[in-house]
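Input: a single structure, listed below in structure tokens.
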Amino acid sequence: MKSIFEKEKELFLPTYNRIPIEISHGEGVYLIDKTGKKYMDFFSGLAVNALGYAHPKIVKAVSEQISKYAHLSNNYITDIQVEFTEKLLKYSKMSKAFLTNSGTEAIEGTLKLIRLKVGPEKKIFSLTNSFHGRTYGAMTLTAREKYKKGFEPLLPNIFHINHNDIEDLQDKINEETGAVILEFIQGEGGINEASEGFLKKLIELKEKYGFILVADAIQDGIGRSGKAFVHEYFNIKPDIIVAAKAIGGGLPLGAFLTTDEFTDVFHVGQHGTTYGGNPVCCAAGKVVLEEVFENGLIEKVNELGAYFKNELMFLQKQFPDKIKEVRGRGFILGVELHTEGAIYVKQFRTAGILANCTNLKVIRILPPLTSNKENIDFFLNTFKMILESN
Ligand SMILES: Cc1ncc(COP(=O)(O)O)c(C=O)c1O
């Protein structure tokens, strides 16, 4: 009989490099393979599974919703969409929402909203090394070449500012600027934080020229950083926040959230989606928001995230020839190695931990927000053993 990996080669377009384990099911922070081996998942479906796997409250909420109706179309507004969105706007301190199925769709909608608001001439900027998604608008914003090469022509009037380069920022921003979109902590790019100096200048220029500031919080948002959104660490209020991944607790859900300034930009029929804001996804999302913001998870992430980062920095001191830098906040952490990280990921897996490496040399740590100190200590002890053996 053919393995699922052989079948995958026959059946699918070859876009993914699959992890060579066959998952049976998930439980909390663990994934269990078909042989019964248990893995602690420390990248949680790329920051999606904020409450881990098979969280009983998500299972209950989703089951109840699906037994009423799975989908109605956006010709209807439903109770669960309203309940979820009220909470999402409350915790993001924003005024209006549009719900999508994914991050990239939320970015596309944001681009459409910006274009309508600022007109065709104004320039939209993102930062170098950024990742904003795979559809054409989001891909144009994405600065990393490997995601765009061969797909040109891309969207016009979109440019990039060098990450954390204050001089470049000053050179490029002027009265022709319509919007600046950034990940306050770049995820795919290697857990790179926007610097305080860069953000200070960005806000100064925003006050001068009045461009739209967008936080792409798809990866670092919804409590993962120890605050609801990373921009709160800098007392910045963006005009638009884009969220996805964790807000669906494992079901496909995204959103862009705006201030009152955007209330009348879209007219009825100018933007839409068949599935976006699906009721079952909203039911799961509501549980995520309750657990993170109302039942103490964010405080736990804050406390344990600081402990985790400190311990990683201690490892860096012990292994300065192997670890170049430790970055990030809360449960979005990156350990930049001096060499490629693929071998580390493999060793982690053998030891029963699923880790991720991004931008070749950065071990990207995105545990479920429900992870406890024992889970973190297991990761740290395993990492130390791997560092000693390499
Ligand atoms: C910061 C950021 N923006 C956008 C996206 C795209 O989201 P999606 O894969 O849900 O389309 C991602 C996905 O990794 C992301 O990390």
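When the residues of region 180-220 are filtered to those that are without any contact (Cβ under 8 Å) to a residue 40 or more places away in the chain and within 12 Å of the ligand (Cβ to nearest atom), the one that is nearest to residue 141 (Cα to Cα) is 215. Take the conditions (1) free of Cβ contacts under 8 Å to residues at least 60 places away in the same chain; (2) within 16 Å of the ligand (Cβ to nearest atom); (3) in a loop (DSSP other than H, G, I, E, B); residue 36 misses just one of them, which is (2).
Taking the criterion of being of a type in the set (Asp, Glu), touching a helix residue (DSSP H, G or I) at 6+ places or on another chain (Cβ under 8 Å) and either within 16 Å of the ligand (Cβ to nearest atom) or touching a residue at least 12 places away in the same chain (Cβ under 8 Å) (or both), would at least one residue in region 288-297 satisfy it? Please lay out each step first, then the result.
Residues of region 288-297 that are of a type in the set (Asp, Glu), as a first pass: 290-291, 294.
Keeping just the survivors that are touching a helix residue (DSSP H, G or I) at 6+ places or on another chain (Cβ under 8 Å) gives 290-291.
With the extra rule that they be either within 16 Å of the ligand (Cβ to nearest atom) or touching a residue at least 12 places away in the same chain (Cβ under 8 Å) (or both), the set shrinks to 290-291.
Yes - at least one qualifying residue is present in region 288-297.
Restricting 57, 68 to residues that are out of contact with any helix residue (DSSP H, G or I) (no Cβ under 7 Å at 6 or more places or on another chain) and modelled with pLDDT of 95 or more narrows the list to 68.
Quick check: is even one residue across region 116-126 touching a Gly at 6+ places or on another chain (Cβ under 6 Å) and either buried (at least 24 other Cβ atoms within 10 Å of the Cβ) or not assigned by TED's automatic domain parsing to the domain that holds residue 198 (or both)? Yes, because at least one residue in region 116-126 is touching a Gly at 6+ places or on another chain (Cβ under 6 Å) and either buried (at least 24 other Cβ atoms within 10 Å of the Cβ) or not assigned by TED's automatic domain parsing to the domain that holds residue 198 (or both).
Just one of the numbered conditions (1) part of a helix (DSSP H, G or I); (2) within 16 Å of the ligand (Cβ to nearest atom) is not true of residue 130: (1). What do you reckon, is residue 43 surrounded by fewer than 16 Cβ atoms within 10 Å (Cβ to Cβ) and either acidic (Asp, Glu) or out of contact with any helix residue (DSSP H, G or I) (no Cβ under 9 Å at 6 or more places or on another chain) (or both)? Spelling it out, it is not the case that residue 43 is surrounded by fewer than 16 Cβ atoms within 10 Å (Cβ to Cβ) and either acidic (Asp, Glu) or out of contact with any helix residue (DSSP H, G or I) (no Cβ under 9 Å at 6 or more places or on another chain) (or both). From the list 241, 166, exactly one residue is buried (at least 20 other Cβ atoms within 10 Å of the Cβ) and at pLDDT 95 or above. Which is it? Every option except 241 fails the conditions. Identification of strands (runs of 3 or more DSSP E) wholly contained in region 305-390 with 1 or more residues that are of a type in the set (Gly, Ala, Ser), under 21 Å from the mean Cα position of the chain (by Cα) and outside the structural domain of residue 289 (by TED's automatic domain parsing) yields 323-329, 332-337. Tallying residues that are in a loop (DSSP other than H, G, I, E, B) and more than 16 Å from the ligand (Cβ to nearest atom) within region 229-263 yields 6. Screening the candidates 373, 317 for the property of being without any contact (Cβ under 8 Å) to a residue 12 or more places away in the chain and either out of contact with any strand residue (DSSP E or B) (no Cβ under 6 Å at 6 or more places or on another chain) or polar (S, T, N, Q) (or both) yields one hit, 317. Has region 145-155 got at least one residue that is surrounded by 18 or more Cβ atoms within 10 Å (Cβ to Cβ), at pLDDT 95 or above and either within 16 Å of the ligand (Cβ to nearest atom) or not aromatic (Phe, Trp, Tyr) (or both)? No - not one qualifying residue is present in region 145-155.
For region 44-63, how many residues are of a type in the set (A, V, I, L, M, F, W, C) and part of a helix (DSSP H, G or I)?
Taking region 44-63 and keeping what is of a type in the set (A, V, I, L, M, F, W, C), we get 46-48, 50-51, 54, 58-59, 61-62.
After this cut, where a residue has to be part of a helix (DSSP H, G or I) as well, the list is 46-47, 58-59, 61-62.
Counting residues in region 44-63 that are of a type in the set (A, V, I, L, M, F, W, C) and part of a helix (DSSP H, G or I) gives 6.
Filtered by the rule that a residue be crowded, with 21+ Cβ neighbours inside 10 Å and not in a helix (DSSP H, G or I), region 274-293 gives 276, 277, 278.
Mind listing whichever residues of region 2-33 are under 25 Å from the mean Cα position of the chain (by Cα) and part of a strand (DSSP E or B)? Selection gives 23, 25, 26, 27, 28, 30, 31, 32. Scanning region 150-187 for residues that are within 14 Å of residue 131 (Cβ to Cβ) and in a loop (DSSP other than H, G, I, E, B) yields 163, 183, 184, 187. For region 96-127, filtered to residues that are away from the ligand (no atom under 16 Å from the Cβ), over 19 Å from the mean Cα position of the chain (by Cα) and in a strand (DSSP E or B), the residue that is nearest to residue 138 (Cα to Cα) is 123.
The values are calculated or read from the model by the stated rules, or taken from the named source; none is laboratory data. Because the structure is a prediction, the values reported are computed rather than measured. Glycine also receives a Cβ, built like all others from the backbone with ideal geometry; neighbour counts cover every protein chain displayed.
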